[in-house]
1. Please label the shape of the range 30-69 as rounded, prolate or oblate, based on the square roots a ≥ b ≥ c of the eigenvalues of the alpha-carbon gyration tensor (a/c under 1.5 means rounded; beyond that, a/b larger than b/c means prolate, else oblate).
2. Return the FRET efficiency for the residue pair residue 12, residue 36: r is the Cβ-Cβ distance, R0 is 41 Å, and the value is rounded to the nearest 0.05.
């Protein structure tokens with residue numbers, strides 16, 4: 001077993017614990033993210049609103065991944081901005 005395998009084996013329980021905490025306290029965590037973003041946006045007088053919004057989106061996404069809400073095994077919802085291809089009618093015979 002290599003060094004990386006040993007580290008993964010030792011960190012697995014910690015990862016499970018973090019995942020459990022993220023599931024239990026997800027609402028509080030996202031509330032804190034939103035509250036912090038609002039305070040920073042007010043302090044900077046909206047100058048960095050777009051960057052703050054991007055950062056909060058990334059933080060929420062990371063929290064969701066930790067809580068296993070959206071992982072590789074869960075199918076992602078289609079993007080609303082991606083156009084769907086039109087249906088082609090059956091060939092006429």
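Taken together, the values in this text are just the output of simple stated rules run on the coordinates, not laboratory data. Small disclaimer: the values here were computed from a predicted structure and weren't measured. Glycine also receives a Cβ, built like all others from the backbone with ideal geometry; neighbour counts cover every protein chain displayed.
1. The shape class here is oblate.
2. Using R0 = 41 Å, I get an efficiency of 0.85.
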